[in-house]
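Below: the structure, in structure tokens.
The values are calculated or read from the model by the stated rules, or taken from the named source; none is laboratory data. Because the structure is a prediction, the values reported are computed rather than measured. Every residue, glycine as well, gets a Cβ built from its backbone with ideal geometry; the counts of neighbours run over all protein chains shown. Protein only, heavy atoms only, side chains kept; ligands, DNA and RNA dropped before computing areas. Shrake-Rupley method; radii C 1.70, N 1.55, O 1.52, S 1.80 Å.
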Amino acid sequence: IFKNENSRISLKYKYIIYFIYQIILVVSISIFAEFLYNNLISIISIKFLLQNLKIFIKIIITPITMTLNFIIMKNLIEKL
């Protein structure tokens, strides 16, 4: 994934940064998903949406995580 050409940070530290970033991302997105679920469950009254609420929340969250991963990885690879 990472190239170590003309980099200020060694490859080892890039992997450590990436691992820490992934832990933070998973925890924060899980908290956000739980927040969305708890707030939407009381608002939604359509049976179909209630039955599939977890799937809809995943659909909402996926573009957020993909965008964050792109931005972080691009900066990690190119800038550091």
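Please work out which residue is surrounded by the most Cβ atoms within 10 Å (Cβ to Cβ), limiting yourself to the stretch 10-45 and to residues that are hydroxyl-bearing (S, T, Y) and under 20 Å from I71 (Cα atoms).
Y18
For the stretch 30-80, enumerate the residues that are modelled with pLDDT of 80 or more, outside any helix (DSSP H, G or I) and either of a type in the set (A, V, I, L, M) or within 23 Å of F19 (Cα to Cα) (or both).
I43
Which one of these is among the aliphatic types (A, V, I, L, M) and open to solvent by less than 90 Å² (accessible area, probe 1.4 Å): I59, I64?
I64
Looking at (1) out of contact with any Leu (no Cβ under 7 Å at 6 or more places or on another chain); (2) surrounded by 11 or more Cβ atoms within 10 Å (Cβ to Cβ); (3) not acidic (D, E), which is the one condition that is false for F48?
Just one mismatch for F48, condition (2).
Cβ-Cβ distance below 9 Å, separation of 6 or more or different chains: which pairs start in the stretch 64-78 with a residue that is farther than 14 Å from F32 by Cβ and end on one that is of a type in the set (D, E, K, R) and open to solvent by 70 Å² or more (accessible area, probe 1.4 Å)?
I77/K3
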